[in-house]
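Below: the structure, in structure tokens.
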Amino acid sequence: MSAVNASGWRPSMGEGAGEAKFATSSGDYGLMLEEALSFELGSADKCGVDIDDADRAPVSGLGRFLRKAAPALPGLTEPETVRHYTRLSRQNYAIDLGPFPLGSCTMKHNPRLNEKMARLAGFADLHPMQPQKTIEGALEVIEQLADWLITLTGMASVAMSPKAGAHGELCGLLCIRAALDARGEVRDVVLVPESAHGTNPATAAFAGFKVESIPATPAGRVDVAALKAKLGPNVAGVMITNPNTCGLFEPDMREIADAVHAAGGYVYCDGANFNAIVGKVRPGDLGVDAMHINLHKTFSTPHGGGGPGAGPVVLSEALAPFAPLPFVTRGDDGSIHLVEEENASEGHAQAFGRMVAFHGQMGMFTRALTYILSHGADGLRQVAEDAVLNANYVLRSCEDLLPAPFADSGPCMHEALFSDAGLADGFSTLDIAKGLIDEGFHPMTVYFPLVVKGAMLVEPTETESKAGLDRFIASLRSLAERAKAGDESLHSAPHFAPRRRLDETLAARKPVLVWQGEAGVPGTPSLSEIGGS
Ligand SMILES: *Cc1c(COP(=O)(O)O)cnc(C)c1O
């Protein structure tokens with residue numbers, strides 16, 4: 001990247017590919033700052049900390065662990081380090097800069113009150129190996145949050161430790177496997193509808209099940225007849241995303257759950273999109289046996305490069321006994337503690353094992369409980385209503401220009417789905433997505449779900465104002481008009497971002513994930529080889 005610097009111009013600012021329109025001696029342009037890697041910036045003689053007298057450092061006790069050679073650190077002073085990371089952060093789009101309309105991701109505002117609570121020393125400075133007696137307050141937080149999740153979902157219990165949505169899916173399927181083992185049955189097929197999130201079939205395969213696909217109806221919902229036809233003694237269960245990835249509620253959940261249960265299977269519901277129905281629908285009433293909840297989506301904890309996430313899994317009576325360890329519980333005397341081992345007297349003899357070493361993401365639990373308590377039950381219901389209202393506003397404001405394949409099926413849930421049918425020849429979803437970058441927005445989810453040609457999945461979330469939505473809609477409409485009119489300049493968008501259009505395929509197939517020394521070293525793809533400029 002320093003090569004870009006040295007040439008003294010920003011190719012990304014030119015109108016034609018590679019055309020140098022402006023020249024600066026620094027490689028920076030206005031407040032757009034180029035940045036080399038820390039290893040390229042630093043030198044061995046610099047250090048970011050003051051060490052009074054290095055020779056007198058108490059190192060004798062390190063014995064054979066004493067370093068023989070200096071560590072290969074970049075060598076930057078403190079101000080250089082701070083500037084390096086701050087400059088890099090400015091090349092990135094963030095939820096604190098503007099909307100992040102990524103469908104199914106629920107990238108919404110992270111309230112600062114959550115941060116304040118999570119930073120309280122009593123939570124922030126905990127260590128997972130501390131004696132239990134010293135962390136009872138933290139265990140209370142976990143238990144209160146668990147209570148809320150159980151109440152909001154109408155389920156029997158919750159496993160708090162999974163660390164993300166997909167991790168929660170795995171936890172749910174391992175509970176199903178344990179329940180089948182306890183029944184002495186071998187069932188090796190999991191049914192996954194086309195309208196499910198991509199992690200669902202991946203999780204089922206990872207857990208060792210065979211995945212069989214269920215088609216979607218023309219209305220974008222699970223084909224119930226096709227699903228029923230596949231049920232049998234080999235089916236362990238189904239995984240249904242609800243609301244699904246077409247942005248629609250699956251209205252036949254109860255009928256599906258009854259049929260699956262009658263055939264001896266379990267119902268996994270992908271609840272990542274719970275923010276569309278929280279306070280409105282309880283999955284427990286729909287016959288769900290296991291469902292993960294993404295605290296980093298519905299309950300506003302940081303997400304996307306800013307994680308870590310948390311994916312608690314709520315469980316039905318049938319699966320609760322198999323939930324993983326450890327488990328927060330309250331003794332008869334009211335004292336709270338963690339169940340660390342299988343323990344029949346605490347009703348937990350059949351735990352399938354552990355998902356993680358400790359009890360989960362304390363920082364996320366604190367933030368999520370803060371969010372829940374600051375909204376209350378009514379506030380959470382309003383979250384769902386506003387998320388759905390905002391998505392329908394986007395849907396109805398753009399459907400005359402961008403076809404909305406399921407708009408006739410009624411209102412959408414929390415995300416609006418468009419297709420790129422009807423753009424001028426040679427123009428597609430990618431051009432609209434890249435054009436959005438020039439308009440100052442993060443692109444929406446593209447080419448997913450697969451059941452829609454050139455899908456654009458927009459999830460505005462409930463934290464965007466009407467004024468903010470109107471700006472986004474105006475941009476999307478203008479881009480759709482340009483793509484319909486065959487405006488060639490869209491093909492080379494983005495024009496105003498730190499990088500121009502990258503080769504998406506190469507970037508995915510040959511990602512350069514580590515610093516590999518000087519450019520030109522054999523085996524090191526150059527920036528142009530990975531499609532950058
Ligand atoms: C985000 C999402 C997941 C995966 O959750 P992670 O926390 O990213 O692992 C699964 N299903 C749906 C519908 C999602 O939106």
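The values are calculated or read from the model by the stated rules, or taken from the named source; none is laboratory data. Remember, it's a predicted structure, so these values are computed and weren't measured experimentally. Counting neighbours? That spans all protein chains shown, and the Cβs are built from the backbone with ideal geometry, glycine included. Heavy atoms of the whole protein, side chains included, go into the accessibility calculation; ligands, DNA and RNA do not. Shrake-Rupley method; radii C 1.70, N 1.55, O 1.52, S 1.80 Å.
Would you be able to say whether some residue in segment 159-178 is away from the ligand (no atom under 12 Å from the Cβ) and part of a strand (DSSP E or B)?
Within segment 159-178, one or more residues are away from the ligand (no atom under 12 Å from the Cβ) and part of a strand (DSSP E or B).
With the structure loaded, tell me whether Ala519 is modelled with pLDDT under 85 and under 30 Å from Asn244 (Cβ atoms) or whether it fails that test.
Taking the combined requirement at face value, the residue does not satisfy it.
Is segment 98-111 home to any residue that is assigned to a loop (DSSP other than H, G, I, E, B) and open to solvent by 50 Å² or more (accessible area, probe 1.4 Å)?
Yes - at least one qualifying residue is present in segment 98-111.
Here's the yes/no breakdown for (1) among the aromatic types (Phe, Trp, Tyr); (2) modelled with pLDDT of 95 or more; (3) open to solvent by less than 50 Å² (accessible area, probe 1.4 Å):
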position: Pro449; (1), (2), (3): no, no, yes
position: Lys484; (1), (2), (3): no, yes, no
position: Phe496; (1), (2), (3): yes, no, no
position: Asp503; (1), (2), (3): no, no, no
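Report, by residue number, each residue of segment 178-198 that is aliphatic (A, V, I, L, M) and touching a residue at least 40 places away in the same chain (Cβ under 8 Å).
Those that are aliphatic (A, V, I, L, M) and touching a residue at least 40 places away in the same chain (Cβ under 8 Å): Ala178, Ala179, Leu180, Ala182, Val189, Val190, Leu191, Val192, Ala196.
Show me the strands (runs of 3 or more DSSP E) entirely contained within segment 288-332 in which 3 or more residues are buried (at least 24 other Cβ atoms within 10 Å of the Cβ).
In segment 288-332, 290-292, 313-315 are the strands (runs of 3 or more DSSP E) which contain 3 or more residues that are buried (at least 24 other Cβ atoms within 10 Å of the Cβ).
Counting only residues that are open to solvent by less than 30 Å² (accessible area, probe 1.4 Å) and assigned to a loop (DSSP other than H, G, I, E, B), which one in segment 414-442 is farthest from Ser475 (Cα to Cα)?
His414
Report, by residue number, each residue of segment 262-281 that is more than 20 Å from Lys210 (Cα to Cα) and open to solvent by less than 20 Å² (accessible area, probe 1.4 Å).
Gly271, Ala272, Asn273, Phe274, Asn275, Ala276, Ile277, Val278
Please go through segment 179-203 and pick out each residue that is within 13 Å of the ligand (Cβ to nearest atom) and at pLDDT 95 or above.
Scanning segment 179-203 gives Val192, Asn200, Pro201, Ala202, Thr203.
Using the structure shown, decide if Ile277 is closer than 30 Å to Thr463 by Cα, within 14 Å of the ligand (Cβ to nearest atom), in contact with a Leu (Cβ under 9 Å, 6 or more places away or on another chain) and in contact (Cβ under 8 Å) with a residue 24 or more places away in the chain.
no
Looking at segment 132-155, can you tell me whether even one residue there is under 24 Å from the mean Cα position of the chain (by Cα), within 16 Å of the ligand (Cβ to nearest atom) and of a type outside the set (Gly, Ala, Ser)?
There is at least one residue in segment 132-155 that is under 24 Å from the mean Cα position of the chain (by Cα), within 16 Å of the ligand (Cβ to nearest atom) and of a type outside the set (Gly, Ala, Ser).
How do the pairs read when you match residues in segment 451-466 that are in the same structural domain as Ala391 (by TED's automatic domain parsing) with residues anywhere that are of a type in the set (Lys, Arg), using Cβ under 6 Å and keeping only pairs 6 or more apart or on different chains?
That search, which allows pairs on different chains as well, returns Thr461/Lys108; Thr463/Lys108.
I'd like to verify a number: residues in segment 133-158 that are in contact (Cβ under 8 Å) with a residue 24 or more places away in the chain, among the polar types (S, T, N, Q) and open to solvent by 60 Å² or more (accessible area, probe 1.4 Å), how many?
Here the count works out to 1.
When you look at Gly454, is it touching a Ser or Thr at 6+ places or on another chain (Cβ under 8 Å) and over 30 Å from Arg381 (Cβ atoms), yes or no?
So Gly454 fits the description; yes.
What are the pairs, 6+ residues apart or on separate chains, where a residue within segment 245-272 that is under 21 Å from Ala164 (Cα atoms) has its Cβ under 7 Å from a residue that is among the polar types (S, T, N, Q)?
Cβ pairs passing all conditions: Thr245/Ser104; Thr245/Ser195; Cys269/Asn242; Asp270/Asn200; Asp270/Thr241; Ala272/Ser104; Ala272/Asn294.
From (1) of a type outside the set (Gly, Ala, Ser); (2) away from the ligand (no atom under 16 Å from the Cβ); (3) crowded, with 19+ Cβ neighbours inside 10 Å; (4) closer than 28 Å to Ala182 by Cβ, pick out the condition that doesn't hold for Thr370.
(4)
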